[in-house]
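Structure record follows, encoded as structure tokens.
The values are calculated or read from the model by the stated rules, or taken from the named source; none is laboratory data. Not measured: the values here are computed from a predicted model. Cβ coordinates were reconstructed from backbone atoms using ideal geometry, including for glycine residues, and neighbour counts include every protein chain displayed. All accessible areas refer to the heavy atoms of the entire protein, side chains included, with ligands and DNA or RNA removed. Shrake-Rupley method; radii C 1.70, N 1.55, O 1.52, S 1.80 Å.
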Amino acid sequence: MNPELERTTRIDEGSGPDAIVCLHGWCCRTGDFIPQVEELSQHCRMFVLDWQQRLIERGGSCDFDDICRDIMEAVAEAGIERPLLCGHSLGGFLAAQLAFTHRMSIRGVLILDSTLPLPEEVRQVWQSAARRLESGPYREVFPGIESPFFIESEAGEIRDSIMRAMSEQPPAVGVGLLDAICSYEWDRELVGIDVPVHMVASQHGILNLDAFHAYVPDATSERIEHSGHFITVFHPDEVNAAMKMMLARTGDD
């Protein structure tokens, strides 16, 4: 896999009635889902939307309602109906928001290492990180927030590429997204989800599966051993298997 995972506005591969819409994380890229596209596009349509680049290009706000509205419009324009939503990190928060609001028809939600529900201590850490990034210089402060993302075995060109791409995003957007995610009470959103949900957590991440199950008791979950945050890139087989499982679980009778 090319360590320079290319940033494109969207990836649209595969065909058929089944579709997975993938939403990347905070300051991340469509290319983070390349291993899933390569495998799953043989079985279904894979639609990976760079919602953040679209936000930048339209000069929009970081408000989640605006972002979700744009995602819905892009999915509708692509002619995709009732997809499986798959969100990594902040993308998982967006998927949960879309499921909660019932503003688009979806068959289920696959959440990849998102910190849902957002604990108060994590909210405070992220708000503090936003203020540090805001005070800047952005690209000098940014490496200081890297530590939770990777484990030692994930060092190398791919990790460097991920961090470089994240740090090159517009500072106002990076800060605005952190502030936006901290402005929601996510337990309320989780309680309103009424479609099948599966969670995949990294070993060293801060996704509290028990806390999530308290709000979504019918959800299923798993944790990948010896993994950092970017499980789509470093643990593609496990993520691919979760996608296939959710397609089968949520398929029409």
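Once the Cα-Cα distance is subtracted from the 0.36 nm per residue extended length, the Glu185 to Arg249 segment shows a gain of 20.2 nm.
Over all distinct Cα-Cα pairs of segment 1-132, the Kirkwood formula returns a hydrodynamic radius of 15.3 Å.
Here each label is just a point 7 Å from Cα along the line to Cβ, and for Glu121 and Ser15 those points are 5.2 nm apart.
Protection proxy ranking for 20-30, 122-132, 79-89, using the average of other Cβ atoms within 10 Å per residue and placing the highest first: 20-30, 79-89, 122-132. Over the residues of the chain, the helix contribution to mean residue ellipticity at 222 nm works out to -13000 deg cm²/dmol, using -39500 (n - 2.57) for each DSSP H run of at least 4. Quick one: of the DSSP bridges fully inside the chain, what percent are antiparallel, nearest 5? Antiparallel: roughly 15 percent of the beta bridges in the chain. With a 1.4 Å probe and all protein chains left in place, how much of the accessible area of segment 1-147 comes from carbon and sulfur atoms, in whole percent? Carbon and sulfur atoms account for 46 percent of the accessible area of segment 1-147. When percent of Cα pairs over 34 Å apart is calculated for this entry, the matching label among (i) 19; (ii) 8; (iii) 13 is (ii). Based on protein heavy atoms only, the chain ends up with 42 Å² per residue of surface accessible to a 1.4 Å probe.
Please report how far the C-alpha centroid of segment 109-125 lies from that of segment 57-80, rounded to the nearest whole angstrom. Between the Cα centre of segment 109-125 and that of segment 57-80, the gap is 22 Å.
Give me the percent of accessible area attributable to carbon and sulfur for segment 150-253, probe 1.4 angstrom. C and S atoms contribute 49 percent here.
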